[in-house]
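> This is the structure I want to talk about, given as structure tokens.
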Amino acid sequence: MPPYSNGVAAMKTAAPGNAREARPIGVGSASVEILSGPALRTFFRIADAWKLTVDEARRILGDPPRSTFFLWKRTGEGQLPRDTLERVSYILGIYKALQILLPQADAADAWIRKPNSAPLFGGQSALDRMLSGNVADLYVVRQYLDAARGG
């Protein structure tokens, strides 16, 4: 990864075509009901580690109604729409990739808020990109990190 990678010198660029495509968890074979609770609980732990505000967390989840969001947060349960489950899947992949690339938890958790001069981010942070509201932006950030770790 070029030196403009926002202090993530340990990241290395995979050769073009060698990086596995970032894919969300499949919900065809597993029940959304079974996945929703663990996905929510894990998402809220990551949101705490990343110090996301309520508005940031809601935006990443696809802007669910505030009452629904707080119910999910309070109970750690609920049946997630497939779109939201896909979003959480990308967040899990982003979190995992950062933990591999930056073994110090504080550095990994802080990375999403740091300005990044990689062309993909244009000087903004990965969180800014993820807060666009589009699932595709979560995918792009995950793909960037997966490529950086050679995965």
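> Only one of (1) among the basic types (Lys, Arg); (2) surrounded by 13 or more Cβ atoms within 10 Å (Cβ to Cβ); (3) modelled with pLDDT of 90 or more fails for ARG82. Which number is that?
(2)
Quick grid of which residues meet (1) out of contact with any Leu (no Cβ under 6 Å at 6 or more places or on another chain); (2) among the β-branched types (Val, Ile, Thr):
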| position | (1), (2) |
| --- | --- |
| ALA97 | no, no |
| LEU102 | yes, no |
| ALA118 | yes, no |
| GLY122 | yes, no |
| SER125 | yes, no |
| ARG129 | yes, no |
| GLY133 | yes, no |
| ALA136 | yes, no |
| VAL140 | yes, yes |
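> Kindly provide the set of residues from region 111-133 that are crowded, with 17+ Cβ neighbours inside 10 Å and more than 15 Å from the chain's Cα centre (by Cα), ordered by number.
If the condition is that a residue be crowded, with 17+ Cβ neighbours inside 10 Å and more than 15 Å from the chain's Cα centre (by Cα), then ASN116, ALA118 are the ones that fit.
> Spot the failing condition for ALA108; the list is (1) touching a residue at least 40 places away in the same chain (Cβ under 8 Å); (2) surrounded by 18 or more Cβ atoms within 10 Å (Cβ to Cβ); (3) hydrophobic (A, V, I, L, M, F, W, C), and only one is missed.
Status for ALA108: all satisfied but (1).
> Also, I was wondering about something else. Would you be able to tell me the number of residues in region 120-137 that are touching a residue at least 12 places away in the same chain (Cβ under 8 Å) and assigned to a helix (DSSP H, G or I)?
5
> Only one of SER31, SER36, SER67 is surrounded by 12 or more Cβ atoms within 10 Å (Cβ to Cβ), of a type in the set (Ser, Thr, Tyr) and out of contact with any strand residue (DSSP E or B) (no Cβ under 6 Å at 6 or more places or on another chain); which?
Working: SER31 fails: surrounded by 12 or more Cβ atoms within 10 Å (Cβ to Cβ); SER67 fails: surrounded by 12 or more Cβ atoms within 10 Å (Cβ to Cβ).
None of the others qualify; the one that does is SER36.
> Another question about this same structure. Since ASP63 meets every condition but one in (1) outside any loop (DSSP other than H, G, I, E, B); (2) over 26 Å from ALA148 (Cα atoms); (3) of a type in the set (Asp, Glu), which condition does it not meet?
(1)
> Looking only at region 68-84, count how many residues are in contact (Cβ under 8 Å) with a residue 12 or more places away in the chain, part of a helix (DSSP H, G or I) and within 15 Å of ALA47 (Cβ to Cβ).
4
> While we're looking at this one, here's another question. Examine region 38-55 for a residue that is part of a helix (DSSP H, G or I), more than 18 Å from LEU131 (Cβ to Cβ) and more than 17 Å from the chain's Cα centre (by Cα), and state whether such a residue exists.
Initially, region 38-55 is screened for residues part of a helix (DSSP H, G or I), giving 38-49, 54-55.
Narrowing the set further to residues that are more than 18 Å from LEU131 (Cβ to Cβ) leaves 38-42, 45.
So of that shortlist, the ones also more than 17 Å from the chain's Cα centre (by Cα) come out as none.
No: zero hits.
> I've got another one for you. For ALA136, work out the one condition from (1) within 12 Å of the chain's Cα centre (by Cα); (2) surrounded by 19 or more Cβ atoms within 10 Å (Cβ to Cβ); (3) among the small types (Gly, Ala, Ser) it doesn't fulfil.
Failed condition: (2).
The values are calculated or read from the model by the stated rules, or taken from the named source; none is laboratory data. As the structure is a prediction and not an experimental result, all values here were calculated from the model. Neighbour counts are summed over all protein chains in view; Cβ atoms, including those assigned to glycine, are modelled from backbone coordinates with ideal geometry.
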